[in-house]
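The values are calculated or read from the model by the stated rules, or taken from the named source; none is laboratory data. Computed from a prediction, not measured in an experiment: that's the story for all the values here. All Cβ positions, even for glycine, are placed from backbone atoms using ideal geometry, and neighbour counts span all protein chains on display.
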Amino acid sequence: MEQETALQNERGQENLANINNMHVEEESLSQSESASTSLDNGYTSVAPTLSVWPLSVLIFYVVAGGPYGVEESVKAGGNFYALLFYTIMPFVWSMQESLITAELSCAYPDASGGVVWVEEAFGKYAGWLNGSLSWVSGATDNAIYPVLFLDYLASLINLDDLHPGARFLLFSAFAVGMGYMTWRGLEIVGNVSIAIGILAMSPFLFLVIFSCNKLEPSRWLEMPSLTAEEFSNSSDYDLSGGFFPSAAIGGIMVRPFANNLFWNLNSFDSASAFAEEVGPYPEKVIPRALTLAWIMTVTGYLIPLLFAIGASKGLQEDWDDGYLTVIAQQVAGSWLAKWLVFSAGISNLALYQAELSSDVFQLHGMAHKGLLPSFLGVRSRHGTPTNAIILATIIVIIFCTARLDQLVEMLNFNYGVSLVLEYAAFIKLRITKPDGKVKPQYFTSATPSTSSLTPSTFTTSQQCRDPTASRLGRLAASFSYCRRCSPQPLSWQSLATLLCWWVSCLLGSAPLSS
């Protein structure tokens, strides 16, 4: 009897050991399968890297980054209209864009961002076109910030006699250094952006405080007084081209005013490129991050502008780029002016990083959808798309020869067209899939969102230094070429078409030497 009991116990222990071994083997197999899938997809790190605050700061820097660059709105529209439109447009335009982005990013959490929305609504070719235009816009926008950074650096250090070759090397070093930081991971980029954000916005707190005893509210109501000729003589802005080259409504220089306003308040849809980086529940992160970014954008523009205009004794024609520095010196002294220049310089670092991160993850998403060559979808050990970062950095370095106003107009045109496609996709998906993925979760509706098409459509029509028909012709030609190249806009034909479109935009602008 004792022998039988011992034998049964021994068999039970053997069975238990076999079961444990089976569990271990299953876990090992599951881990190896997971690793294999990760390798096939080009991933080496799939853990979520962005929480609400880092993501909100990244969005803030893609959209705004502070009131740097608002001076042209005052020069083109005067004190009253600049304050009026920076009060109204965040609600009429930016809020709608951010709400639509929150809704569609949660419904379609994909790194390709608006590409998947347009593809879902209008098909693969339209999705590729949207992604191409959006990326060209982002790459152009990114080229602005190294130029601005070197300009701010030159105001602190005498670089007037710097050889063009040395300037090019500095520009390239900036682009490569920022590309390396982006390659190290979004967590680093997000945390660095938070630190830069606090430092970059701090001088405006003192500007507001020191302006309080010098405010004259009557200045807020001053109407524009410059004519188109006076504006052209006091500005480097070229009013030629477009449907209404030098149109003025109520004293507002329509084209530069709309350009500056649109540039400063757009790009909330960039949050969609990070939808895969926030974990399995984007609806818990993206809407909150967009809300915080919208609040930071509105207050970051309106409050400093309100106090700067109220405390400034300058005329409308004095509001050139960097005039906020002059006001800082008037109200507090040279120490605040130098601090503001330094903050503006480092702010460009965060602006560049945020835009670059959005652009490269969009390329990564398009590659995984088969819209671009697969090598752009390979991730590094830090979870970042290495080859996409290299390509974007090269493009930025090439763009360093262009003028600032050329870059702004080029990016606004491409971005405006892509945004029209995204809004149209939202409206169609809301109508055709009312009970599907796209639901009115964030108080958006097709009616007010349709009204938001007006700024992008109007601004797009004004981004034509060469004839409008020529740019639209190149757009249609690029699209048709892609359709002829292959049954699907895949691989190298798509990348070649994308780069040709980018080059055509650059060559279609005013001569670089003008």
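Condition check ((1) in contact with a Leu (Cβ under 7 Å, 6 or more places away or on another chain); (2) at pLDDT below 80; (3) surrounded by fewer than 24 Cβ atoms within 10 Å (Cβ to Cβ)) across all residues:
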residue	(1), (2), (3)
225	no, no, yes
228	yes, yes, yes
233	no, yes, yes
244	no, yes, yes
254	no, no, yes
275	no, no, no
278	yes, no, no
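Tally time: how many residues in the range 164-187 are out of contact with any Leu (no Cβ under 8 Å at 6 or more places or on another chain) and either closer than 17 Å to residue 52 by Cβ or in contact (Cβ under 8 Å) with a residue 12 or more places away in the chain (or both)? Spell out the reasoning first.
The initial filter retains those residues of the range 164-187 that are out of contact with any Leu (no Cβ under 8 Å at 6 or more places or on another chain), namely 164-166, 168-169, 172-173, 175-177, 180-181, 183-185.
This time we only want the ones that are either closer than 17 Å to residue 52 by Cβ or in contact (Cβ under 8 Å) with a residue 12 or more places away in the chain (or both), so: 168, 172, 175-176, 181, 183-185.
The qualifying residues number 8.
With the requirement that a residue be touching a residue at least 40 places away in the same chain (Cβ under 8 Å) and surrounded by fewer than 18 Cβ atoms within 10 Å (Cβ to Cβ), what does the range 331-354 give you?
The initial filter retains those residues of the range 331-354 that are touching a residue at least 40 places away in the same chain (Cβ under 8 Å), namely 331-332, 336, 338-354.
Answer for the range 331-354, where residues must be touching a residue at least 40 places away in the same chain (Cβ under 8 Å) and surrounded by fewer than 18 Cβ atoms within 10 Å (Cβ to Cβ): 338, 342, 346.
What are the residues in the range 170-221 that are modelled with pLDDT of 90 or more, touching a Phe, Trp or Tyr at 6+ places or on another chain (Cβ under 6 Å) and not hydroxyl-bearing (Ser, Thr, Tyr), if any?
Listed by number, the residues that qualify are 203, 208, 221.
For the range 201-221, name all the residues that are crowded, with 16+ Cβ neighbours inside 10 Å and among the acidic types (Asp, Glu).
Correct list: empty.
Restricting to the range 191-200, give me the number of residues that are surrounded by 15 or more Cβ atoms within 10 Å (Cβ to Cβ) and polar (S, T, N, Q).
Residues flagged as surrounded by 15 or more Cβ atoms within 10 Å (Cβ to Cβ) and polar (S, T, N, Q) within the range 191-200 amount to 1.
Take the range 297-323 and flag every residue that is part of a helix (DSSP H, G or I) and of a type in the set (Ser, Thr, Tyr).
297, 299, 301, 323
In the range 74-105, what count of residues is obtained for those that are β-branched (Val, Ile, Thr), under 21 Å from the mean Cα position of the chain (by Cα) and buried (at least 22 other Cβ atoms within 10 Å of the Cβ)?
Matching residues across the range 74-105 total 2.
What is the one condition in (1) farther than 30 Å from residue 310 by Cα; (2) aromatic (Phe, Trp, Tyr); (3) touching a Leu at 6+ places or on another chain (Cβ under 7 Å); (4) surrounded by fewer than 22 Cβ atoms within 10 Å (Cβ to Cβ) that residue 135 does not satisfy?
(4)
Name every residue in the range 91-138 that is without any contact (Cβ under 8 Å) to a residue 12 or more places away in the chain and in a loop (DSSP other than H, G, I, E, B), in order of residue number.
Narrowing the range 91-138 to residues without any contact (Cβ under 8 Å) to a residue 12 or more places away in the chain: 91, 123.
Listed by number, the list holds a single entry, 123.
Return only the number of the condition from (1) at pLDDT 90 or above; (2) crowded, with 24+ Cβ neighbours inside 10 Å; (3) under 28 Å from the mean Cα position of the chain (by Cα) that residue 299 does not satisfy.
Checking residue 299 against (1) at pLDDT 90 or above; (2) crowded, with 24+ Cβ neighbours inside 10 Å; (3) under 28 Å from the mean Cα position of the chain (by Cα), the one that fails is (2).
Give the number of residues within the range 281-296 that are in contact (Cβ under 8 Å) with a residue 24 or more places away in the chain and either surrounded by fewer than 16 Cβ atoms within 10 Å (Cβ to Cβ) or not in a helix (DSSP H, G or I) (or both).
Of the residues in that region, 1 qualify.
Answer yes or no as to whether residue 326 is in a helix (DSSP H, G or I), among the aliphatic types (A, V, I, L, M) and modelled with pLDDT under 90. I'd like the intermediate steps shown before the answer.
Details: in a helix (DSSP H, G or I): yes; among the aliphatic types (A, V, I, L, M): yes; modelled with pLDDT under 90: yes.
Criteria met by residue 326.
Between a residue in the range 42-62 that is within 23 Å of residue 377 (Cβ to Cβ) and modelled with pLDDT under 85 and any residue that is aromatic (Phe, Trp, Tyr) and in a loop (DSSP other than H, G, I, E, B), which pairs come within a Cβ distance under 7 Å, given they are 6 or more apart or on different chains?
Final answer for the pair search is none.
Quick test of your reading of the structure: residue 367 fulfils all but one of (1) assigned to a loop (DSSP other than H, G, I, E, B); (2) farther than 26 Å from residue 72 by Cβ. Name the failing condition by number.
Every listed condition holds for residue 367 apart from (1).
Quick test of your reading of the structure: residue 358 fulfils all but one of (1) of a type in the set (Gly, Ala, Ser); (2) assigned to a loop (DSSP other than H, G, I, E, B); (3) crowded, with 20+ Cβ neighbours inside 10 Å. Name the failing condition by number.
Residue 358 satisfies all of (1) of a type in the set (Gly, Ala, Ser); (2) assigned to a loop (DSSP other than H, G, I, E, B); (3) crowded, with 20+ Cβ neighbours inside 10 Å except (2).
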